[in-house]
1. Under a 1.4 Å probe, what is the accessible area of segment 1-57 per residue, stated in Å²?
2. Could you work out the relative contact order of segment 37-109, using alpha carbon pairs under 8 angstrom and six or more residues apart, expressed as a whole percent?
Amino acid sequence: MNRVCLIGRLTNKPELRQTNSNLAVTRFTLAVNRNFSNSQGQREADFITIVAWRKQAENICRYLDKGSLISVEGRIQTGSFDGQDGQRRYTTEVVADQVNFLETRSQSQARSNNSYVPMNEPSFDSYNEPPVQNNVDIDNDPFSSFGDSVSLDDNFLD
């Protein structure tokens, strides 16, 4: 199975390009922090090339900027080419299947202006819809014919 899940920040503003067959594509670098510190106690990062296609590439270029926090799910793709000096070059990149924006536009702008906005504070800049409420009909219990009742207490552990 070839599956990759990453969370990191863009190192530069992504640029939208078009292929010869007019498909939108963007290639950018994602800085992903490592889970451990080096011998000097500092956290290091890996810089991973990400490729996104079509509408996803357009949205990335339209809404993201340098430093934007995103998650990427995709697959690793390797390739090779002959450089101008005749030497064989090898490439490794992640082809994005799904990209999620992990901070709001106001959080991103606040970060770029060096002011603080907590990551867990909701922001509804341009969202005017009321939240969706899932109403449950307690008179229509889907588990009523399930069988015997189940006791949920901790006494059985003794």
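The values are calculated or read from the model by the stated rules, or taken from the named source; none is laboratory data. Keep in mind the model is a prediction, meaning the values are calculated, not measured. Side chains are part of the model used for accessible areas, which takes the heavy atoms of the whole protein and leaves out ligands, DNA and RNA. Shrake-Rupley method; radii C 1.70, N 1.55, O 1.52, S 1.80 Å.
1. 71
2. Relative contact order comes out at 36 percent.
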